[in-house]
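To start, the structure under review is shown below, and the notes come after it.
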Amino acid sequence: MLSSSNASFAPPDFFLTGFPGLEKSHIWISIPICSMYFVSIAGNCTILFMIWTDQTLHEPMYYFLCMLALSDLGLSSATLPTMLSVLWFNHRWIHFDACLAQMYFIHTFSIIESGILLAMAFDRLVAIRNPLRYTSILTNDAIIKIGLGAFLRAAFLVFPCSFLLKTMRYGRRNVLSYPFCLHQDILKVVLSDRRLSSIYGLMVVLTSMTVDSVLLMASYVMILKTVLSIASKVEGLRTLNTCISHICAVVTFYTPMIGLSMIHRYGKNAPPVVHILMANVYLLVPPLMNPIVYSVKTKQIRTRIVKRFWKGKGSSEAS
């Protein structure tokens, strides 16, 4: 009766949680977090700039890398405003519609990234198993269709989640567990029947990230079989080395996601800081690590970044 009397069909507000018990240290906590955002945005913009301006990098592998960088930038941009408002200004209230919009973009860009990682696995599979047909299979039209398909799949899958949450009943004030809005977290404060939204959310995960992860593993099984069939071990290792950057990106993306899911399901007694830390790792680490990994492990990008840096440094010293 108490919850019913406090419930309202009017749009509610949500209270975002920072780091419980560490409120006085939010400014200090914001320093490493803001540094991660800065490196992430700068790194992904550098990747995009290098590929855009260098004609020799206009190949399928690098087009997919551009898509990955764009999804990372979108994910960072979706979480940055509320993260900074909580840590810098202690502004924790967010309106219902703004919270739904943020949730929509966070989950959409996450699913886009999962789809792009799968597309990059397909790129490596074709390059290793059918190198002579690589350019005929992954044409510009095919790449555009794959990228558009990844975007539309994510956009249409996540939209019903927002619509279902819009129809539910909430209290006037609702405390969320993180400094940003996630679907499973909003569901916790719903007062009406949440089963339909919960089931649909599970279906979204199963039909997107779960399917993608299974296909990723199948792709690498086929890649490994091809590599093992190469007579020369040196040549096989060199071929497999072209996948290292992508493998690192996959591990960086899926490991925090699995960890966050496990914490939600089995870590109900864990301290709130553990939940918040895992959520931040899930949303901050992949956009941070992807440009670093590809810049370090991909020779073509690494050499062009170094050349451009030394060229700029040399010209400034000459002046």
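Any read-out appearing in this document is the output of simple, stated calculations on the displayed coordinates, not a laboratory observation. Quick caveat: nothing in here was measured; it's all calculated off a predicted structure. Heads up, the Cβs are rebuilt from the backbone with ideal geometry, glycines too, and the neighbour counts pull from every protein chain shown.
So for 220, 200, fewest C-beta neighbours within 10 Å to most, what's the order?
The most exposed by this proxy come first: 200, 220.
Among 228, 48, 138, which one shows the highest mean-square fluctuation when the chain is modelled as a Gaussian network with alpha-carbon springs under 10 Å?
Comparing 228, 48, 138 in a Gaussian network model of the chain, the most mobile one is 228.
Along the charge dipole of region 12-304, pointing to its positive end and built from +1/-1 on Cβ of Lys, Arg, Asp and Glu, which listed residue (152, 138, 262) has its Cα farthest out?
Positive-most Cα among the choices belongs to 262.
Filter the trypsin sites (Lys or Arg not before Pro) in region 173-242 to those in DSSP coil with at most 14 other Cβ atoms within 10 Å of their Cβ, and list the result.
In loop regions of region 173-242 (DSSP not H, G, I, E or B), the sparsely surrounded trypsin sites (Lys or Arg not before Pro) are 188.
Can you tell me the alpha carbon radius of gyration of region 14-76 divided by the globular rule-of-thumb value 2.2 N^0.38 Å?
1.59
Just to be sure I follow the rule: in the chain, considering lysines 8 or more places apart or on different chains, how many pairs have Cα atoms under 20 Å apart?
Pairs that pass both the separation and distance tests number 6.
Among 223, 192, 104, pick out the residue whose Cα is farthest towards the positive end of the charge dipole of region 94-230, where Lys and Arg carry +1 and Asp and Glu carry -1 on C-beta, about the Cα centre.
192
Distance in nm between label sites at residue 137 and residue 238, each 7 Å beyond Cα in the beta-carbon direction?
2.1
Name the long-range amide H neighbours of residue 170: under 5 Å, sequence gap of 5 or more, or other chain; modelled H, no Pro or chain starts.
Amide H neighbours of residue 170: 8, 191.
In deg cm²/dmol and to the nearest 500, what is the mean residue ellipticity at 222 nm of the chain if only DSSP H runs of at least 4 residues count, each as -39500 (n - 2.57), divided by the residue total?
Mean residue ellipticity at 222 nm (helix-derived): -25500 deg cm²/dmol.
Which ³J(HN,Hα) values in Hz, rounded to whole numbers, follow from the phi angles of region 141-149 under the Karplus curve 6.51 cos²θ - 1.76 cosθ + 1.60, where θ = phi - 60° and Gly and Pro get x?
5, 5, 5, 4, 5, 5, x, 5, x
With only Lys, Arg, Asp and Glu charged, each at its Cβ (+1 for the first two, -1 for the last two), find how big the charge dipole of the chain is about the Cα centre; round to the nearest 20 debye.
In total the dipole reaches around 420 debye.
Return one quarter of the surface area of the convex hull spanned by the alpha-carbon atoms of the chain, equal to its mean projected area, in nm².
20.3
Would you please give the residues with an amide H less than 5 Å from that of residue 175, counting only those at least 5 places away or on a separate chain, with H modeled from the backbone geometry?
Here the answer is 15, since their amide H atoms fall under 5 Å of that of residue 175.
Dipole of the chain (Lys/Arg Cβ +1, Asp/Glu Cβ -1, origin at the Cα centre): which of 181, 85, 30 lies farthest to the positive side?
It is 30, whose Cα lies furthest towards the positive end.
For region 79-94, in order, what is each residue's ³J(HN,Hα) by Karplus, 6.51 cos²θ - 1.76 cosθ + 1.60 with θ = phi - 60°, in whole Hz (x at glycine and Pro)?
For region 79-94, the Karplus-derived couplings read 9, 4, x, 6, 4, 6, 5, 6, 6, 8, 10, 6, 8, 10, 7, 9 Hz, x marking Gly and Pro.
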